[in-house]
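The values are calculated or read from the model by the stated rules, or taken from the named source; none is laboratory data. What you see is a predicted model; the values in this text were computed from it and never measured. No Cβ is skipped: glycine too gets one built from the backbone with ideal geometry, and neighbour counts run over all protein chains shown.
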Amino acid sequence: MNIANFDLNLLRAFDALMRERNVSRAAQRMSLSQPAMSNALARLRDLLDDPVLVRTSLGMQPTAKSLAVEMPIRNALASIEQSLAPAPDFDPAISKKTFNVATTDYVEMLLLPKLIKHLNQVAPFVRLQIHALGPDIPESELEEGIYDFAVGRFPQVPNRLLSEFWLSDNLVCLVSDQHPLFEDSISIEQFLNIEQIWVSGGQRTGVVDAWLASNNLSRKVAYTTPNFLMAPHIVAQSEMLVVTPSTIAEEYVKKMPLKILPMPMELASFDLYTLWHPFHAGTPAHKWFREQLMLLA
């Protein structure tokens, strides 16, 4: 195919069709009529010598060739758009920009008190909006600018995203300070047999369960919650145990009848990262906020 004869507007139509998997919705996305989008699809099929989208029992699905070129075309469009868009000036002292961050309540506890105090001094009109970080990396939300950043533990980062190490923490056991079984340590046998709370914290599998599985072991998880900050309240009023980051444990033993026990197995520290999409990385506002996150790590 000779690109000199290729209407580059068809690349935008291709991107909309791949995102929506539906001609009508793709037309709405591009503010076109449905006949115009159908015509664009027909031209794409002719130029690419490929059906692009085919009807299946699950609706319209992309062909193998479409999937192969989807991300290169999308990245090329993003690069063109970013190249042509003027970078707006960013003055944190007067900016009223809202930054959207997806993270867990654990990272909120670590970050927000310091970050809000810092922003009040250097960027008093800047606002934050925190979103709950789920088990899947919010790649599309980062790409589309719904989230500016995601902060958390990400065992695998898609190579379409950029990442930066933020900080490390260690895991400990947290139990009631009146627990009848423990003084200052816990054995692996006790760990496997005590009822526990598992804090998913936006993960499908935790560090502890990965270690247990590799050693053909399992523990008794009686209750699962996504919230790190709720678990200590339950543990303080029960004979259950929770594995939690040491930062949380150290904070809560100051306030509640709890005590910290070291893990009964050797576990490496876990790392927290900041993620963002390269499409937004070049803006002065985005770069500035990323620098503030690193400053407070």
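Scanning the range 17-66 for residues that are on the phi > 0 side of the Ramachandran plot and part of a strand (DSSP E or B) turns up just one, 59.
Determine which member of the set 70, 81 is within 27 Å of the chain's Cα centre (by Cα) and either surrounded by fewer than 16 Cβ atoms within 10 Å (Cβ to Cβ) or more than 27 Å from residue 147 (Cα to Cα) (or both).
On the way: 70 fails: either surrounded by fewer than 16 Cβ atoms within 10 Å (Cβ to Cβ) or more than 27 Å from residue 147 (Cα to Cα) (or both).
After applying the criteria, what remains is 81.
Among residues of the range 237-248 being touching a strand residue (DSSP E or B) at 6+ places or on another chain (Cβ under 7 Å) and surrounded by 22 or more Cβ atoms within 10 Å (Cβ to Cβ), the one that is farthest from residue 194 (Cα to Cα) is 245.
Give me the residue from the range 182-192 that is touching a residue at least 12 places away in the same chain (Cβ under 8 Å) and exposed (fewer than 12 other Cβ atoms within 10 Å of the Cβ) and, out of that set, farthest from residue 260 (Cα to Cα).
As a first pass, look at the range 182-192 and keep what is touching a residue at least 12 places away in the same chain (Cβ under 8 Å): 182, 184-188, 190-192.
With exposed (fewer than 12 other Cβ atoms within 10 Å of the Cβ) added as a condition, the list becomes 184-185, 187.
Details: 184: 8, 185: 9, 187: 14 Å.
Top of the filtered list is 187.
Residue 126 meets the conditions (1) buried (at least 19 other Cβ atoms within 10 Å of the Cβ); (2) under 19 Å from residue 168 (Cα atoms) in every case but one. The failed one is (2). Taking the listed residues 61, 34, the one that is over 29 Å from residue 280 (Cβ atoms) and under 28 Å from the mean Cα position of the chain (by Cα) is 61, with no other qualifying. Listed by first and then second residue, the pairs linking a residue in the range 279-294 that is in contact (Cβ under 8 Å) with a residue 12 or more places away in the chain and in the same structural domain as residue 123 (by TED's automatic domain parsing) to a residue that is assigned to a helix (DSSP H, G or I) and polar (S, T, N, Q), with Cβ atoms under 8 Å apart and 6 or more places separating them unless they lie on different chains, are 279/82; 282/82.
Within the range 193-203, which residues are assigned to a strand (DSSP E or B) and within 17 Å of residue 262 (Cβ to Cβ)? Within the range 193-203, just 196 meets the criteria. On the given criteria, is residue 163 surrounded by fewer than 19 Cβ atoms within 10 Å (Cβ to Cβ), among the small types (Gly, Ala, Ser) and assigned by TED's automatic domain parsing to the domain that holds residue 132? Yes, satisfied. Taking every residue in the range 210-238 that is assigned by TED's automatic domain parsing to the domain that holds residue 249 and within 21 Å of residue 248 (Cα to Cα) and pairing it with any residue that is among the small types (Gly, Ala, Ser) and assigned to a strand (DSSP E or B), at least 6 positions away or on another chain, the pairs with Cβ-Cβ distances below 8 Å are 226/132; 235/176; 236/176; 237/176; 238/176. A residue that is within 15 Å of residue 7 (Cα to Cα), in contact with a Leu (Cβ under 6 Å, 6 or more places away or on another chain) and not charged (D, E, K, R) occurs nowhere in the range 49-59. Those residues that are of a type in the set (A, V, I, L, M, F, W, C) and either in a helix (DSSP H, G or I) or under 10 Å from residue 131 (Cα atoms) (or both), I need them from the range 96-118; list them, please. Selection gives 101, 102, 107, 109, 110, 111, 112, 115, 116. All conditions in (1) of a type in the set (A, V, I, L, M); (2) within 22 Å of the chain's Cα centre (by Cα); (3) more than 19 Å from residue 270 (Cα to Cα); (4) assigned by TED's automatic domain parsing to the domain that holds residue 248 hold for residue 186, with the sole exception of (2).
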